[in-house]
């Protein structure tokens, strides 16, 4: 069965007002009734700006990378893309066709 995988890359401290951006995005995905979403906190990473993000001494975060993944039908994912792009003007959003086995 073919589905689309939506992957969103952002940083742990990205916010909309007082709400962490990854929490806001997952709530929006839920509102759009996507089958599910997973938020993963990465240990380390960097993006096109060349800033290294990682966990520092004593467990203090240096704005570590966050990845949100959702898999569903294209008809459920496509309608939310414009809204996500507005939230993440510089963020990376990818779509991949995946096969559910």
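The values are calculated or read from the model by the stated rules, or taken from the named source; none is laboratory data. Predicted, not measured: the structure shown is a model, and the values here were computed from it. Heads up, the Cβs are rebuilt from the backbone with ideal geometry, glycines too, and the neighbour counts pull from every protein chain shown.
Observations
- Taking each residue of segment 69-91 that is more than 15 Å from residue 3 (Cβ to Cβ) and looking for partners that are modelled with pLDDT under 95 and buried (at least 18 other Cβ atoms within 10 Å of the Cβ) with beta-carbon atoms closer than 6 Å, six or more apart or interchain, yields 91/10.
- Here is the figure for segment 1-10: residues that are surrounded by fewer than 17 Cβ atoms within 10 Å (Cβ to Cβ), more than 10 Å from the chain's Cα centre (by Cα) and outside any loop (DSSP other than H, G, I, E, B) total 2.
Each row is one residue, and each column tells you yes or no for (1) within 16 Å of the chain's Cα centre (by Cα); (2) modelled with pLDDT of 95 or more.
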position	(1), (2)
31	yes, yes
37	yes, yes
42	yes, no
89	yes, no
92	yes, no
101	no, no
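- The lone exception for residue 79 - which of (1) surrounded by 13 or more Cβ atoms within 10 Å (Cβ to Cβ); (2) modelled with pLDDT of 85 or more it fails: (1)
- Residue 73 being over 15 Å from the mean Cα position of the chain (by Cα) and modelled with pLDDT of 80 or more: yes
- Condition check for residue 13: loosely packed, with under 12 Cβ neighbours inside 10 Å, part of a loop (DSSP other than H, G, I, E, B) and out of contact with any strand residue (DSSP E or B) (no Cβ under 6 Å at 6 or more places or on another chain): no
- Within segment 12-25, the residues that satisfy the criterion of being out of contact with any helix residue (DSSP H, G or I) (no Cβ under 8 Å at 6 or more places or on another chain) and within 16 Å of residue 92 (Cα to Cα) are 13, 22.
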